[in-house]
Each structure stands twice: as C-alpha cells, then as structure tokens.
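One structure below.
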Amino acid sequence: MTTAALEARSGDVRIAYEVLGDGPPLLLCQGLGYTRTGWGPARELLAERFAVVCFDNRGIGGSDVPPGPYTAPQLAADALAVLEAAGFERAHVVGASLGGMVAQEVALAAPGRVDKLVLACTSPGGAQAFPMPAATVALFAQASVLEPLDALRRFVANALAPDAPAELVEEIYAYRVAHPPDLAGWQAQAAAGAAHDAYGRLSQIAAPTLVLHGTADNVVDHRNAELLAERIPNARLELFAGAGHLFFWEQPERFAEAVEGFLA
C-alpha cells in the first residue's frame, strides 16, 4: 500500500511523506538507506489502528539530497516539519536504527509533541555505547572488492537473523534494488548516525518509552537497548530472541502487536 507522496518543507529542503490509515497519529522514522516504504508489512499493520505518517529522510527517496554531512538533530527537525505538514500537533513516534536516533532527538527537542516513544534496533550513541558488531565491520571492509549487487545481498542477509528464510532475503533485496540510495545522501546519513550521542541526555526524555531489539542483531549491538532502557526514565524493554536488525520485517505481526499494545 503506497499513496502519492506529499511534500513538507524543512528550511529549504523538500521532504517526501505520506499518511496511511486513520486513528491516533503515529510518526515512523526510518533508518540509514531505507525509504518510507522500508518497513515490510509492519507499516500496513500499524495503519490498521493509526494514522501512520512516514517519510523519506533527507538524502533518499523522494526527498532532497542536500550536501552533507547530516546530523541527527537536523533529521529530527525534518521529522517535525513532516508532522506539522501533516497537520498533527502531537504524535506517537517510532524510530528504527538511525531513525531511532532521530526519534531520540525529536523527543528531546520537542517533548510537547511526543505522546509515546518506541525505539527499535538503535543506540544512544557516544563513547559509552556498544560499537558496531564485528560481522558488519568485516562486511564493510569486504564490500569494496565485491560486485555491488552481491555486496547488497550480503548486507541484506547480514541485517537479518542467521536462520531468516531465503525468501525474506530476496524480498528485502528486491526492495533495496528498487529503492537505491543516493551515494552522497547515504554517506551524509551515515555521518549523522556516527556522530549521534544522546547518552548523557537520555534522562531528559519525558515520553513513556518502549525499547525493542533483536538479540541476533549484527548491525547494532542489542546491549545498546539495555543502555537506553536503563537511562530513559521508566522505559520498558522487550527483546526479540534470535531476531536480527530488521526484526520488524522478520516478525511484523509481533512488532505491530508490541507497538500497538504499548501505545494503547
């Protein structure tokens, strides 16, 4: 289910977004190199209960690709511009991976606009956070000598659980081929993730928060979920045993149920 993109303005930057479904507003913030459609079935499942506002981060999809590097607060300002353009004063906010870093910054910068917060497969950043797992570090080192589409398929598989079905790998691979990131935009987004550091500010997050993470995540160490849950006041932690980084693709029904149950 995809509708025609609408357009928000964040300063001089055009941000493409759409709204799916009816109900309480729910803002989805996606991660590095993924467009607003990169949630698998989870987006449509959530749209059965919520007015899902989803957007392309600057640097990808239908949004502009201004010169980088970007920052997480900059991407958070884009997210808030989308929320305003969609006509919602407040919303629940769900962020995955880099989008989870953006969601942290949204909750810190505009606490009055966030009802509840869900942080998925993400990190507080900074020196105290657990670094990228070795499997992904090694894959980045190998990628430059691999054929590009082979490298892409390996990155997709790496972002899933070790026992993920081959059909799911191919489904996400096909999505990635159909939605290739702009290289400069990808690098600018990656810089935002690398520089993100909310560790010392997490105690200032006022929104009720749910932290979700797969324990077999090869991209963001799942122990970062424990750091987030420990430092955000009264946060709740739920781990998806054996699930990978893209656990919302692997287990969309459980993901949607966890989000809906928390937001209800």
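Starting from the Cα gyration tensor of segment 185-249, take the square roots of the eigenvalues, sort them a ≥ b ≥ c, and report rounded, prolate or oblate (rounded when a/c is under 1.5, otherwise prolate if a/b is larger than b/c, else oblate). Kindly include the intermediate steps, with their values, before the conclusion.
Numbers: a/c = 2.16, a/b = 1.06, b/c = 2.03.
Oblate, since a/c reaches 1.5 and b/c is not below a/b.
Take every DSSP beta bridge with both residues inside the chain and express the antiparallel ones as a percent of the total, to the nearest 5.
Values: 10 of 32 bridges.
Once the DSSP bridges in the chain are tallied, antiparallel ones form about 30 percent.
With only Lys, Arg, Asp and Glu charged, each at its Cβ (+1 for the first two, -1 for the last two), find how big the charge dipole of the chain is about the Cα centre; round to the nearest 20 debye.
Working: 17 positive and 30 negative charges, 112 e Å.
Around 540 debye, computed over the chain.
Sorting LEU239, LEU160, LEU149, LEU46 on the 10 Å Cβ count, fewest up front, what's the list? Could you put the intermediate results ahead of the total?
Details: LEU239 17, LEU160 24, LEU149 11, LEU46 27.
Exposure proxy ranking, most exposed first: LEU149, LEU239, LEU160, LEU46.
Which FRET efficiency value, to the nearest 0.05, is calculated for LEU183 and ASN234 with the Förster distance at 45 angstrom and r the Cβ-Cβ distance? Walk me through the intermediate numbers first.
On the way: r = 41 Å, r/R0 = 0.91.
E(calc), rounded to 0.05, equals 0.65.
To make sure I understand, if each residue's beta carbon is the centre and we count other beta carbons within 10 Å, what order do GLU18, GLU257 fall in, fewest to most? Before the final figure, lay out each step's value.
Values: GLU18 21, GLU257 12.
Least to most surrounded, the residues fall as GLU257, GLU18.
Students often get this wrong: which residues of segment 53-68 have the backbone nitrogen under 17 Å from the point 7 angstrom along Cα-to-C-beta of ARG9?
Only 63-66 pass the distance filter.
Work out the charge dipole of segment 191-256 with +1 on the Cβ of Lys and Arg and -1 on the Cβ of Asp and Glu about the Cα centre, then indicate which of GLY244, ILE232, VAL220 is farthest towards its positive end.
ILE232
Using 0.36 nm times the number of residues separating GLU44 and GLU171, minus their current alpha carbon distance, what extension gain do you get? Spell out each step's value before the answer.
On the way: separation 127, 0.36 × 127 = 45.72 nm, distance 1.63 nm.
Length gained, GLU44 through GLU171: 44.1 nm.
If I model a spin label as a point 7 Å beyond the Cα along the Cα-Cβ vector, how far apart are those points for MET132 and ASP163 in nm?
2.8
How high is the relative contact order of the chain? Use alpha-carbon pairs under 8 Å, at least six apart in sequence, and give a whole percent. Don't skip to the end; give the middle numbers.
Values: 572 pairs, mean separation 59.0, N = 264.
So the answer I get is 22 percent.
Every read-out reported here was derived from the displayed coordinates using simple, explicitly stated rules and does not represent laboratory data. Please read all numbers here as calculations on a predicted model, not as lab measurements. No Cβ is skipped: glycine too gets one built from the backbone with ideal geometry, and neighbour counts run over all protein chains shown.
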